[in-house]
1. Please say if region 115-157 is rounded, prolate or oblate, where rounded means a/c under 1.5 for a ≥ b ≥ c the square roots of the C-alpha gyration tensor eigenvalues, and otherwise the choice is prolate for a/b larger than b/c and oblate otherwise?
2. If I take R0 = 41 Å and measure r between the Cβ atoms of residue 58 and residue 98 in this structure, what FRET efficiency does the formula 1/(1 + (r/R0)^6) give, to the nearest 0.05?
3. Roughly speaking, what is the stretch gain from residue 130 to residue 143, that is 0.36 nm per residue apart minus the C-alpha to C-alpha distance, in nm to one decimal?
4. Give the long-range amide H neighbours of residue 148: residues separated by 5 or more places, or on another chain, with amide H under 5 Å away, using H modelled in the peptide plane at 1.01 Å from N.
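Since every read-out is calculated from the coordinates, none of them should be taken as a lab result. These numbers were taken from a predicted model, which means no experiment stands behind them. Here the Cβ positions follow ideal geometry from the backbone for every residue, glycine too, while neighbour counts run over all protein chains shown.
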Amino acid sequence: MKIEITSPDFTKITDKNAIKLYSSVLSENKYMVAGSTVSAGFPAYAENFKTDPISIDKFLVNRPESTFIIEVSGESMIDAGIYPNSYVIVDTSVKAQNKSIVVARYADDFLVKRLYKFEDYALLKAETSEGNYPDIKLTAEDDFEIWGVVVGTFKKI
């Protein structure tokens, strides 16, 4: 079964509360970066290690014209580092590969799951040690589409 990424069809969102979409807006803001990693237990003086500033937007978004951001709800991808109330950065120009984390529309649900591709079907799998999210088996007859590949995530602490 061939899995293709299509441009997101926003007309298929019947429940406007089902998904919160954000467009990516690149800014020219740049922030100082410490030039070394920091130990969680050792007091480091970042002032001594500063490097050239970077733009967080440009670090997280490679292709603004094909990127959107979605707020995540639910706990099914915690083991992949995607938490409730965090945001995923989704690039529609990246081809979904086996084991990509994707945003998909399945029937009337929007999901963030790991994609496993096989010859005749595909699986969308949760990544949580709880094990309470069933795999979703996709065949060519199912009403689904891959909206894009997750290329990053962020959240406030």
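1. oblate
2. For residue 58 and residue 98, the calculated efficiency is 0.90.
3. 1.9 nm
4. Correct list: 103.
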